[in-house]
Structures are given as C-alpha cells and as structure tokens.
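The values are calculated or read from the model by the stated rules, or taken from the named source; none is laboratory data. What you see is a predicted model, and the numbers here were worked out from it, not measured in a lab. Cβ placement follows ideal geometry from the backbone for every residue including glycine, while neighbour counts extend to all protein chains displayed. SASA here: full protein model, heavy atoms, side chains in, ligands and nucleic acids out. Shrake-Rupley method; radii C 1.70, N 1.55, O 1.52, S 1.80 Å.
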Amino acid sequence: MSTVKLTVNGKAVSADVEDRTLLVHLLRDHLNLTGTHVGCDTSQCGACLIHVDGKSVKSCTMLVAQAAGAEILTIEGLSTGELHPMQAAFKEHHGLQCGFCTPGMVMSAVDLVKQNPTPSEHDIRDWLEGNICRCTGYHNIVKAVEAGAKAMGGSHAG
C-alpha cells in the first residue's frame, strides 16, 4: 500500500491504494467519479480518457502512483454549474446516443481545441481516432466538436 496525493477536479486528494491500482479505479471506486468509464482495459476505446496535468490520458493504463502530485480533470470537473461549451455542443448536435463513449470524447475534444483552437474536420477525425463509438457513426460527433471549438472561441478553459 502507498499513500498518493494528487489534485482531482481542483480538490486535494490523498488515497491509500495498492501499488497496482489503476487511476481509473481510484476515480471510480474510491472517489465515486463514475463519469470516467471503463470500456476495454487495454487503452483502445478512450472511454476512460481524462486530463492529467492538462493532457489527454487514458486512465485505464496509468497507475495511481504515476499520477502522484498531478492535476487530474475528469468530466465531472469540466463544467462549473453550466455545461462546458463542448458538452453543450455534444448535446445540441446529437453527438451521443448511448452516452458511454461521450465523456472520453468530450475530454479528448477539449484537449484538441486547447492545442488547435480551429481544427478542421480532418484534424478532428484524426484526433479522435483513439476514441471508439459503437453507436453514432461519428458524423454528429465531428459536427459537435466543430461547434464546441467555435463556442470555446479559442479559450483554453477546462
């Protein structure tokens, strides 16, 4: 067992976990942040995507110990009372069906826009390659990311 300290959604967290504990399990099982989903446990689907120190990370393949001292942002921490512009765009443009992949898609899209405030359709499709959706066919997801990027207005919020 190890004690790990990190910041999750702006709050200091200290947790006693086994050394082999994955970050996704700390978030879901210890902190009850269940918006981060477990889809494959192999880093293929992107449902567990979060931000670690401002960068997209698939939390199913990162140990909690690797995140010691880091700033973690999950889908729950993305909004501040109102939907984040990217979340609102997914809602408005029907970028979801069952919703299982949506938190990872939104978190990935926010990171994309932070790095490229005006992504092209090609940029969006290329960036989201590591996020699997089995329901939508991606067309509405791409439209939602385009609208979310415009709504974020080049902002690096989130």
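Just a few scattered comments:
- Summary of the geometry: region 87-133 and region 43-68, compared by the centres of their Cα atoms, lie 17 Å apart.
- Protein accessible area in the chain, 1.4 Å probe - carbon and sulfur %: 49
- Glu71 versus Val38: modelled label distance in nm, points set 7 Å from Cα along the beta carbon direction: 2.9
- Peptides 5-16, 107-118, 71-82 ordered by average Cβ neighbours within 10 Å, highest first: 107-118, 71-82, 5-16
- Protection-proxy order for peptides 30-42, 52-64, each taking the mean of Cβ atoms within 10 Å per residue, highest first: 52-64, 30-42
- Helices assigned as whole DSSP H runs in the chain whose Cα atoms extend at least 18 Å along their own long axis and whose mean Kyte-Doolittle hydropathy is 0.0 or higher are found at 102-115, 139-152.
- For region 17-158: relative contact order, % (alpha-carbon pairs under 8 angstrom, 6 or more apart): 27
- For region 94-101, Karplus couplings with θ = phi - 60° (6.51, -1.76, 1.60), whole Hz, Gly/Pro x: 6, x, 8, 10, 6, x, 5, 7
- Relative to its Kirkwood radius, the Cα radius of gyration of the chain gives an Rg/Rh of 0.97.
- Normalised radius of gyration (Cα atoms, divided by 2.2 N^0.38 Å) for region 83-126: 1.12.
- Per-residue ³J(HN,Hα) for region 117-126, Karplus 6.51 cos²θ - 1.76 cosθ + 1.60, θ = phi - 60°, Hz, x for Gly and Pro: x, 10, x, 7, 4, 4, 4, 5, 4, 5
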